[in-house]
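Take a look at the structure set out below.
The values are calculated or read from the model by the stated rules, or taken from the named source; none is laboratory data. Predicted model, so just to flag it, every value in this text is computed and none were measured. So basically every Cβ, Gly included, is an ideal-geometry build from the backbone, and we count neighbours across all protein chains shown.
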Amino acid sequence: MKFIRLSKEEGERYEAALQALFEEYYDSIYKVALSITLDTELAQDATQEAFYKAFLKLDTLKDKGKFYPWLYSIVVNVCKDMLRLRSRDINRTIGIYDEEGKLRDYNIPELGNVCTPEDIYEDQERIQEIIECIEELTIEEQQILNLKYYHEFTYAEIAEILGIKEGTAKMKAFRARKKIIQKLEIIECKEVHRP
């Protein structure tokens, strides 16, 4: 970080600009962190850390118009690091149920209008199966699917955010979708052949 002596007025304007950036992008960046970490406290920590790192290195951003994708890539990397540390420190998997035994909210779209308790139960089972399939993907595959289908980034933007080639992003998204479909087909096949 460069240290530049600013007048009191310039310093106040600079702080106001940083505060405006923080307020404008906080919710979006928090949602990204939450979708990766699946933990509200960890997502809050990752969001704060991402903004801290971004503000420290703001002078290195050449195209100020790309602040959001740049900040997005920072929060993705912060989340990766936090998850690595967490998995190293705590040898456990992230469950799909919270402490009270309720299915966590993963922002999965509803599977349709449900009318009966049986429909609700079947939909919850299907959601659980999808979540389990997604959790078996690598962190990078999860991120690519999240960026593409939840945040609606283009493959070119995903490639820039993750520091990979556009073709690689497309191929990894294709393979991740294929893995999920194959796992769901295996689950369905087992259910059909149950005695």
task: Kindly provide the set of residues from segment 32-45 that are surrounded by fewer than 16 Cβ atoms within 10 Å (Cβ to Cβ) and touching a helix residue (DSSP H, G or I) at 6+ places or on another chain (Cβ under 8 Å), ordered by number.
output: THR40, GLN44
message: Just to be sure I understand the filter: pairs with C-beta atoms under 8 Å, separated by 6 or more residues or on different chains, first member in segment 42-62 and more than 15 Å from ILE29 (Cβ to Cβ), second member exposed (fewer than 12 other Cβ atoms within 10 Å of the Cβ). Which pairs pass?
response: LEU56/MET1; LYS57/MET1; ASP59/MET1; ASP59/LYS2
field: Selection from segment 130-183 of residues that are polar (S, T, N, Q), under 15 Å from VAL32 (Cβ atoms) and assigned to a loop (DSSP other than H, G, I, E, B)
entry: none
task: Would you point out the residue of segment 1-31, among those that are surrounded by 11 or more Cβ atoms within 10 Å (Cβ to Cβ) and among the hydrophobic types (A, V, I, L, M, F, W, C), that is modelled with the highest pLDDT?
output: ILE29
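Name the one entry in GLU160, GLU135, GLU166, GLU140 that is out of contact with any Cys (no Cβ under 9 Å at 6 or more places or on another chain) and farther than 24 Å from LEU83 by Cβ.
Details: GLU160 fails: farther than 24 Å from LEU83 by Cβ; GLU135 fails: farther than 24 Å from LEU83 by Cβ; GLU140 fails: farther than 24 Å from LEU83 by Cβ.
One residue alone meets the criteria, GLU166.
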query: Cβ-Cβ below 7 Å, separation at least six or inter-chain, first residue in segment 18-35 and of a type outside the set (Ser, Thr, Tyr), second surrounded by fewer than 13 Cβ atoms within 10 Å (Cβ to Cβ): which pairs?
result: LEU34/THR40
task: Just need a number here: residues in segment 140-170 that are over 22 Å from TYR25 (Cβ atoms) and loosely packed, with under 14 Cβ neighbours inside 10 Å.
output: 2
- prompt: Listed residues LEU147, LEU184; which is in contact with a Phe, Trp or Tyr (Cβ under 8 Å, 6 or more places away or on another chain) and modelled with pLDDT under 85?
  reply: LEU147
